[in-house]
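Before I ask anything, here is the structure I am working with.
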Amino acid sequence: MNASKVAYVLDFDGTITERDITREMARHYGGKHYDECSAAYGRGEFGMKGWLARMSAHLPSDTAELLAFAGIRAGLRPGLKEFFISARAKGRPLYIASDGFGLYIEPILERHGCREYVSGIFCNETIAAGGRLETLTPHAHRSCPVCGNCKAALVIALREKGFRVLYVGDGFNDRFAAAYADGIYARDRLAEICTAAGLPFKRWDHFHDLLGDDQFAGEHGNHRFCDPQGMDGVDLRSDNSGGIQMKKIVSGVTIECVRGDIVAQPDLEAIVNAANAQLRSGGGVAGAIHRAAGPRLEEECRLLAPIKPGEAVISGGYNLPNRHVIHCLGPVYGRDRPEAALLANCYRNALRLAEENELESVGFPAISTGIFGYPVEEAAAVACRAIAETAPALEHVKTVRFVLFSESDLAVHRKALEKLE
Ligand code: APR
């Protein structure tokens, strides 16, 4: 294994921040429900997924209020930014994996000027729906009832990409992911658990402690202690499907919809970029993908550009957990005509490239429906039809996933998928 290929996975609450904001939020707004719910969680009556579902029902539905609550408590552990800068200088991607409410992570990182150093944030999504809050768990394990966010899946996906993974955490629910990592930095409860389980780790107090030599455990021990409720032996490889909202099998190809972030789909072999003609970084999807993949993606893209509406090209995934990125240029609504044919070509050409490269799974954002202004209902119908028409010709591609950013876009795509003959 290439010793220089190292990635960090960091927990957020109590690791990046000094305080556990999710717990403080739940305690503040939940009152006695927090005590009861946490006691039941402690007795193993349900896992974090159940805890989040119960506690989010007690939060106010005003997300601005919650962000203000989080902001006041968002002190970062000393040395974080220096550590982020040093990781970037060493060419090591950084991922955050959190099993809290999730909504405040990005704003806190932005506020402290740290967001740009992070390649991907794998967290739950707390959204206001019908006047109350709900926490969605798009990265839950398909069959495991314990965690909301299967952090271990991210560690495993990075290891499968050839990274040696250093896990940094503090808490009880970091234990599974830490056990699959190549090196563990632990404090507080995680340090106690590692000690009890005989897992080698380095104790850390603040981020300056991570600037010195790396602490690898030697050979990956594969300590699968992910089994508090008899779930040992679960195949964690395709772990990102707990949040799948709808599935349909068309000519042997599973088409599914999930609400989430296109750069947080570690179980897919390729993700699709809603690109610009020059294949540069941009806003929306293009910005997220280039940020997460790192500068080498733009270098490769320079050789592939320019592309025309409807065309697609394929590149490496670099620091993304996916092997490839397929870049499509969607039509600008009202300018590039005929829009529907050009948009359908994006999906057809992307799938053709996936097939030629013998890829099994591809994730699409809703191409053209952002800055390019394509109405989402129309675009979803075109996209579903194009995928269904291409499906019979696919031998390698078995899974096609729509990754939708908003609840309403998810609903629209579900409907379009349901309507498919
Ligand atoms: N994950 C999933 N979906 C996302 C993400 C993300 N990280 N970011 C944005 N989206 C959603 C948007 O909400 C929208 O519904 O993806 C859809 C496509 O949005 P855009 O990224 O704006 O793509 P598009 O409309 O095709 O415009 C492409 O935007 O960023 C520029 O340089 C790019 O010029 C190009 C144009």
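The values are calculated or read from the model by the stated rules, or taken from the named source; none is laboratory data. Everything numeric here is computed off the predicted structure, so don't read it as measured data. Methodologically, a virtual Cβ is constructed for each residue, glycine included, from the backbone with ideal geometry; neighbour enumeration extends over all protein chains shown.
Does T390 satisfy being buried (at least 22 other Cβ atoms within 10 Å of the Cβ), out of contact with any His (no Cβ under 7 Å at 6 or more places or on another chain), without any contact (Cβ under 8 Å) to a residue 60 or more places away in the chain and part of a helix (DSSP H, G or I)? Walk me through how you get there before you give the answer.
Values: buried (at least 22 other Cβ atoms within 10 Å of the Cβ): yes; out of contact with any His (no Cβ under 7 Å at 6 or more places or on another chain): yes; without any contact (Cβ under 8 Å) to a residue 60 or more places away in the chain: yes; part of a helix (DSSP H, G or I): yes.
Yes, satisfied.
Going through A89, A128 one at a time, which residue ends up being surrounded by fewer than 24 Cβ atoms within 10 Å (Cβ to Cβ) and out of contact with any strand residue (DSSP E or B) (no Cβ under 9 Å at 6 or more places or on another chain)?
Numbers: A128 fails: out of contact with any strand residue (DSSP E or B) (no Cβ under 9 Å at 6 or more places or on another chain).
Criteria check complete, one pass: A89.
Checking the structure you have, find out if any residue of the range 351-374 is part of a strand (DSSP E or B), closer than 21 Å to G282 by Cα, within 14 Å of the ligand (Cβ to nearest atom) and not β-branched (V, I, T).
Looking only at the range 351-374, we keep the residues that are part of a strand (DSSP E or B), and these are 361-364.
Next, only the ones that are closer than 21 Å to G282 by Cα stay: 363-364.
Subsequent filtering for residues that are within 14 Å of the ligand (Cβ to nearest atom) retains 363-364.
Subset that is not β-branched (V, I, T): 363-364.
So far as the range 351-374 goes, yes, one or more of its residues are part of a strand (DSSP E or B), closer than 21 Å to G282 by Cα, within 14 Å of the ligand (Cβ to nearest atom) and not β-branched (V, I, T).
Within the range 262-276, which residues are within 13 Å of the ligand (Cβ to nearest atom) and within 19 Å of I156 (Cβ to Cβ)?
As a first pass, look at the range 262-276 and keep what is within 13 Å of the ligand (Cβ to nearest atom): 262-265, 268, 271-276.
Result: V263, A264, Q265, L268, I271.
Something else about it: Mind listing whichever residues of the range 297-311 are under 8 Å from L329 (Cβ atoms) and either hydrophobic (A, V, I, L, M, F, W, C) or surrounded by 19 or more Cβ atoms within 10 Å (Cβ to Cβ) (or both)? Give the derivation first.
Within the range 297-311, the subset under 8 Å from L329 (Cβ atoms) is 307-311.
Correct list: I307, P309, G310.
Please verify whether S406 is under 15 Å from G284 (Cα atoms), within 15 Å of the ligand (Cβ to nearest atom) and surrounded by fewer than 17 Cβ atoms within 10 Å (Cβ to Cβ), treating the condition exactly as stated. If you could, list the steps in order and put the result at the bottom.
Values: under 15 Å from G284 (Cα atoms): yes; within 15 Å of the ligand (Cβ to nearest atom): yes; surrounded by fewer than 17 Cβ atoms within 10 Å (Cβ to Cβ): yes.
Spelling it out, S406 is indeed under 15 Å from G284 (Cα atoms), within 15 Å of the ligand (Cβ to nearest atom) and surrounded by fewer than 17 Cβ atoms within 10 Å (Cβ to Cβ).
If you don't mind, another one. Considering the range 121-135 alone, what residues qualify as being touching a Pro at 6+ places or on another chain (Cβ under 8 Å), closer than 17 Å to G30 by Cβ and modelled with pLDDT under 90? Talk me through it step by step, then tell me what you get.
Taking the range 121-135 as the starting set, the residues that turn out to be touching a Pro at 6+ places or on another chain (Cβ under 8 Å) are 122, 124-125, 133.
After this cut, where a residue has to be closer than 17 Å to G30 by Cβ as well, the list is 124, 133.
The one that is touching a Pro at 6+ places or on another chain (Cβ under 8 Å), closer than 17 Å to G30 by Cβ and modelled with pLDDT under 90: L133.
Shifting gears a bit: So, in the range 105-131, how many residues would count as being within 17 Å of A74 (Cα to Cα) and acidic (D, E)?
2
Oh, and also: Hey, among the residues in the range 409-418 that are more than 21 Å from the chain's Cα centre (by Cα) and either of a type in the set (S, T, N, Q) or surrounded by fewer than 19 Cβ atoms within 10 Å (Cβ to Cβ) (or both), which one's farthest from the ligand (Cβ to nearest atom)?
The first filter runs over the range 409-418 and keeps only residues more than 21 Å from the chain's Cα centre (by Cα), leaving 412, 415-418.
The next check asks that each one be either of a type in the set (S, T, N, Q) or surrounded by fewer than 19 Cβ atoms within 10 Å (Cβ to Cβ) (or both); those that pass are 415, 418.
Values: K415: 16, E418: 20 Å.
Taking the candidates together, the pick is E418.
Shifting gears a bit: Of the conditions (1) outside any strand (DSSP E or B); (2) surrounded by 21 or more Cβ atoms within 10 Å (Cβ to Cβ); (3) under 21 Å from the mean Cα position of the chain (by Cα), R159 fails just one. Which one is it?
Going through (1) outside any strand (DSSP E or B); (2) surrounded by 21 or more Cβ atoms within 10 Å (Cβ to Cβ); (3) under 21 Å from the mean Cα position of the chain (by Cα) one by one, R159 breaks only (2).
Hey, another quick one. If you check L279 against the conditions, is it within 16 Å of the ligand (Cβ to nearest atom), among the aliphatic types (A, V, I, L, M), outside any strand (DSSP E or B) and modelled with pLDDT of 90 or more?
Details: within 16 Å of the ligand (Cβ to nearest atom): yes; among the aliphatic types (A, V, I, L, M): yes; outside any strand (DSSP E or B): yes; modelled with pLDDT of 90 or more: yes.
Judged against the criteria, L279 is a match.
In addition: Could you give me the residue pairs with C-beta distances under 6 Å whose first residue belongs to the range 408-421 and is in a helix (DSSP H, G or I), whose second residue is within 16 Å of the ligand (Cβ to nearest atom) and acidic (D, E) wherever it lies, and which are 6+ apart or on separate chains?
Note: pairs meeting the criteria are V412/E377.
I'd like the full set of residues that are polar (S, T, N, Q) and closer than 17 Å to D20 by Cβ, limited to the range 157-213.
To start, the set of residues in the range 157-213 that are polar (S, T, N, Q) comprises 173, 195.
Hit for the range 157-213 is N173, nothing else.
Report yes if Y333 is in contact with a Leu (Cβ under 7 Å, 6 or more places away or on another chain), within 15 Å of the ligand (Cβ to nearest atom), among the hydroxyl-bearing types (S, T, Y) and at negative phi, otherwise no. Let's see the steps before the verdict.
Numbers: in contact with a Leu (Cβ under 7 Å, 6 or more places away or on another chain): no; within 15 Å of the ligand (Cβ to nearest atom): yes; among the hydroxyl-bearing types (S, T, Y): yes; at negative phi: yes.
No.
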